[in-house]
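The values are calculated or read from the model by the stated rules, or taken from the named source; none is laboratory data. Given the structure is predicted, the values throughout are model-derived calculations rather than measurements. Cβ atoms come from the backbone with ideal geometry, glycine included; neighbour counts cover every protein chain shown. The accessibility values were calculated without ligands, DNA or RNA, using every heavy atom of the protein model including side chains. Shrake-Rupley method; radii C 1.70, N 1.55, O 1.52, S 1.80 Å.
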Amino acid sequence: MQSKSRQDYLQEIYRLQQKDNSAIRVSELSVVLNISKASVSEMVKTLSSEGYLEAKRYGRISLTDKGAAVATGLLRKHRIIEKFLCDIFSLDNVHEEAHELEHTVSDRVIDKMDKMLGHPDTCPDGDAIPPKNMNMKPLSDIKPGKTAKIMLSRIASESQSKRLVSLGVCPGTSVKVIRKLAKGPMMIQVKGAEIAIGNALSQNILVEEA
Amino acid sequence: MDCQHKVDRSAKCHEHCDIALYGNPNVGKSCFFNKVTKLGATVSNFPGTTVDIFHGDFESHGKKLSISDTPGIYSFDDTSQDVTVAKDYLTLAKPKVIINIVNELHLERSLSLTLELIKTKIPVVLALNFCSDAKKRKIQIDEAALEKALGIPVVTIDAINGTNVDEAILLATKKMSGKHGFILPVPNKENARQAEAIAKMVINGDSSPVTSISEKIDALTTHPVYGYAILFGVMALLFSSLFILGGNLGYLTNLIFMALIGTPLKVFIAANTSPFWTTVLTYGLVDGINAALQVAIPYIAVFYIMLSILEDSGYLPRMAYLMDKTFKRMGLHGKCMVPMMLGFGCSVPAIFATRILPSKRERVITAILINLIPCSARTAIILGAAGVFLGWQYALAIYALSLILMFIVGYILGRHLPGKSLELVIEMPEFRVPSIQNVLLKTWLRMKDFIFMATPFVVLGSAALGALTSLGLLSALAKPFEPIVSGWLMLPAVAGITLIYGILRKELALEMLILLGGSANLLQFMTPGQIFVFCLVATLYFPCLTTFVALRKEFGTKVGIFIGVSTTALAVIIGGIAGRMLVLLNLF
């Protein structure tokens with residue numbers, strides 16, 4: 001997993017999944033990357049065989065835990081570089097430069113930059129900077145009584161992911177697990193309200209435990 | 001469906017609408033609507049009670065106004081049926097003003113919808129509801145700051161006891177100009193962020209629930225062990241009270257009716273009319289009404305009182321949570337439990353309630369299964385015949401059989417119907433003590449339908465039966481069905497006629513049977529085995545006509561006919577097999 005374009009794929013998929021709060025279509029990815037659908041499909045196949053992506057229902061794809069870890073690592077670099085270029089060098093429109101640099105700057109340089117910036121939470125565009133050594137796991141693995149922050153959704157159904165967004169279950173929100181039934185639904189508290197969600201949904205919402 | 005006086009439920013009626021109520025599910029829109037119009041929209045403590053547009057007229061300060069209640073939605077960006085209904089109404093009716101009712105406790109989430117509504121350019125008034133609950137949790141909302149942030153009037157109300165409801169209407173009428181543009185609501189990711197920022201600004205105090213009694217009941221009723229024990233207890237209580245209360249109530253109404261009206265009327269008719277008309281009128285007016293009073297109404301009344309209590313307490317969504325795993329086996333999820341519970345009352349509102357389900361696939365499966373749930377009319381037959389003459393064990397056996405069949409059919413459909421099943425997403429309302437007033441009002445609204453729609457059927461049907469009997473045409477009519485009814489099902493030939501009546505209304509089957517047998521004691525002309533088979537067949541075969549119409553309306557003629565034909569075939573097959581098994585066991 002070293003090739004730059006593969007990393008770009010994973011990062012772009014991560015962004016799209018965060019935006020849609022669901023697994024994504026290959027066609028969507030091809031539009032965003034401005035690459036033909038055939039080549040995108042080819043790359044998706046490769047990444048799937050390497051365990052970074054998984055196929056979902058309705059012809060949608062999603063990052064695996066492994067794929068999401070690579071993507072967030074890269075996104076962290078990208079956003080810290082953006083922040084650095086903006087704050088320290090007072091530059092505008094830093095996305096392209098950050099995009100180039102994220103593949104070359106080493107981890108220890110990034111850590112130093114992060115420290116120098118005072119461990120910021122968000123990049124200049126207001127998007128969250130993923131924390132270091134993020135340990136994402138499915139919401140279904142969180143024990144009752146614990147709180148977790150939603151990072152990524154792998155839900156394939158568009159209508160269900162929309163319903164969840166309108167209930168406040170989307171990346172960036174914190175949820176508290178109240179109780180759950182073994183291999184069954186779980187009750188979560190989000191934005192002051194209590195919601196029950198099915199097992200297959202909670203398995204497909206990646207969170208970071210607080 | 002609950003037939004409501006002066007309430008127009010058709011979404012097509014959109015010529016004139018002054019005020020439209022919009023808001024998240026279960027925030028009290030229907031409660032507000034009822035307070036204003038003094039009409040009865042169904043109010044419950046679970047999300048998704050209103051699945052259609054309710055329309056009502058009222059007067060405020062000498063002005064005639066119309067108001068509409070819409071299904072609760074979280075956002076217009078959703079594809080489920082109830083959201084489509086709410087969205088279409090906004091587009092077609094273009095209300096002059098919207099009152100957006102929000103739950104103070106869930107202000108942040110509600111504001112996303114408020115922002116969507118404001119962007120339609122229709123004037124909006126924000127009504128903060130449930131202030132008493134918020135005070136308990138020590139939340140304070142800075143109304144002035146909220147007004148400023150949103151740019152619309154804000155008023156705190158309590159829809160349950162009516163505080164400030166007039167105030168909200170007054171504010172709305174002031175904003176009502178009728179001259180505003182309209183833009184279809186577009187989903188916007190920014191709304192959520194903006195809502196969060198506004199909420200942060202105006203809310204003082206912690207909105208997360210504190211440990212209250214409601215919390216403790218919540219924990220107990222959804223416990224992996226006690227939860228199921230409670231669920232079992234609740235269901236047992238529901239059906240035993242149906243059996244005991246319904247049965248005794250039926251006995252009592254029968255006694256009173258016959259003593260006060262029935263017997264004197266019978267004597268009067270016999271003295272004043274020719275023998276032919278005596279039979280017709282006695283069948284229609286005396287026996288018909290008596291049958292409705294004794295068989296149908298008591299069971300239906302008791303069931304709806306119990307169901308209303310369950311709904312208003314907030315227990316139904318907990319049932320959905322507990323039953324989720326079971327329903328998954330049928331390709332469904334826990335939320336399908338809600339329409340199915342309604343199905344124990346009447347299939348028609350249950351079929352309309354499937355609109356709360358997000359996908360067509362689960363709506364169809366649920367609607368098919370609803371036809372196998374013993375509705376209160378079927379319960380009247382099961383308890384009134386098998387329960388009374390054979391014992392409660394037999395009634396229970398028929399119940400169990402139809403539920404097992406439902407599960408098997410669901411399992412097959414879940415595996416073989418194309419498409420994938422969706423997952424449970426349901427909000428848990430807080431537990432509330434049901435108000436007796438609301439429970440009785442709701443029961444009455446649901447009963448009214450049965451009383452005013454069913455009784456004429458029963459009276460006319462009974463009279464027609466009387467005419468056929470005195471003309472000696474009954475046996476001729478029964479002839480074509482004899483091979484199936486007498487041959488395969490081993491029932492008396494006249495039972496076939498009563499089953500035809502049952503298509504009009506299920507409970508008519510038993511009522512006509514009592515008339516034709518000439519005795520309220522079925523054992524005088526039927527064996528126990530025959531009573532059992534009759535109840536089983538009457539429960540399973542063709543859903544009543546009203547249900548068929550509802551199915552056609554919601555899912556099309558094909559689905560309607562498919563359900564009609566397949567349930568009838570199922571009833572005949574199962575009925576015959578059950579009869580033969582009873583013969584083998586020497587129980588026939």
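Computed quantities for the displayed model
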quantity: Rg to Rh, two decimals, where the range B:140-297 supplies the alpha carbon set and Rh follows Kirkwood; calculated: 1.28
quantity: For the range B:525-568: relative contact order, % (alpha-carbon pairs under 8 angstrom, 6 or more apart); calculated: 41
quantity: Pairwise burial A:B, computed as accessible area of each alone minus the pair, summed, 1.4 Å, Å²; calculated: 3100
quantity: Fraction of the pair-distance distribution of the range A:107-196 above 18 Å, Cα-Cα pairs, percent; calculated: 55
quantity: Gap separating the Cα centres of the range A:51-107 and the range A:175-210, nearest whole Å; calculated: 28
quantity: Residues A:Asn135 and B:Phe268, FRET efficiency given R0 of 51 Å [Cβ-Cβ distance, rounded to 0.05]; calculated: 0.05
quantity: Computed over the range B:55-195, the ratio Rg/Rh where both radii use C-alpha atoms and Rh is Kirkwood; calculated: 0.94
quantity: Dimensionless Rg over Rh [the range B:385-520; C-alpha; Kirkwood]; calculated: 1.10
quantity: Cleavage-rule hits, chymotrypsin sites (Phe, Trp or Tyr not before Pro), the range A:1-94, DSSP coil, Cβ neighbours within 10 Å at most 15; calculated: A:Phe89
quantity: Trypsin sites (Lys or Arg not before Pro) lying in DSSP loop within the range B:365-448, provided at most 14 other Cβ fall within 10 Å; calculated: B:Lys420, B:Arg432
quantity: Positive-end extreme of charge dipole, chain A - chosen from A:Asn93, A:Gly198, A:Met134 (charges on Cβ); calculated: A:Gly198
quantity: DSSP beta bridge pairing in the protein assembly as shown, given as percent antiparallel to the nearest 5; calculated: 70
quantity: Distance cut-off 21 Å, percentage of C-alpha pairs in the range A:1-139 lying past it; calculated: 42
quantity: Cα-centred dipole magnitude for the range B:274-380, charges only on beta-carbon of K, R (+1) and D, E (-1), debye, nearest 20; calculated: 660
quantity: Lys/Arg +1, Asp/Glu -1 at C-beta; the protein assembly as shown dipole; positive extreme among B:Met337, B:Thr156, B:Thr282; calculated: B:Thr282
quantity: Pairwise FRET efficiency - A:Ser39 versus A:Ala182, Cβ, R0 = 60 Å, nearest 0.05; calculated: 0.85
quantity: Share antiparallel - DSSP beta bridges, chain B, percent rounded to 5; calculated: 35
quantity: Dipole magnitude of chain B, debye to nearest 20 (Cβ charges: Lys/Arg +1, Asp/Glu -1, about Cα centre); calculated: 800
quantity: Taking all pairs of distinct alpha-carbon atoms in the protein assembly as shown, Kirkwood radius in angstrom; calculated: 29.3
quantity: Rounded to the nearest 20 debye, dipole of the range B:154-307 from Cβ charges on Lys, Arg, Asp, Glu; calculated: 360
quantity: Rounded Å value of the spacing that divides the Cα centres of the range B:336-394 and the range B:398-457; calculated: 6
quantity: Cross-link pairs A:Lys143/B:Lys328; A:Lys45/B:Lys335; B:Lys442/B:Lys506; A:Lys112/B:Lys148; A:Lys37/A:Lys146 - those with Cα-Cα distance over 32 Å; calculated: A:Lys45/B:Lys335; A:Lys112/B:Lys148; A:Lys37/A:Lys146
quantity: Simple spin-label estimate for B:Leu473 and B:Trp277 in nanometres, 7 Å along Cα-Cβ; calculated: 1.9
quantity: Positive-end extreme of charge dipole, the protein assembly as shown - chosen from A:Ser41, B:Phe54, B:Ile98 (charges on Cβ); calculated: A:Ser41
quantity: Square roots of five times the Cα gyration tensor eigenvalues for the range B:435-506, Å; calculated: 35, 16, 7
quantity: Label-to-label distance, nm, for residues given as B:Asn204 and B:Ala400 (7 Å Cα→Cβ offset); calculated: 6.1
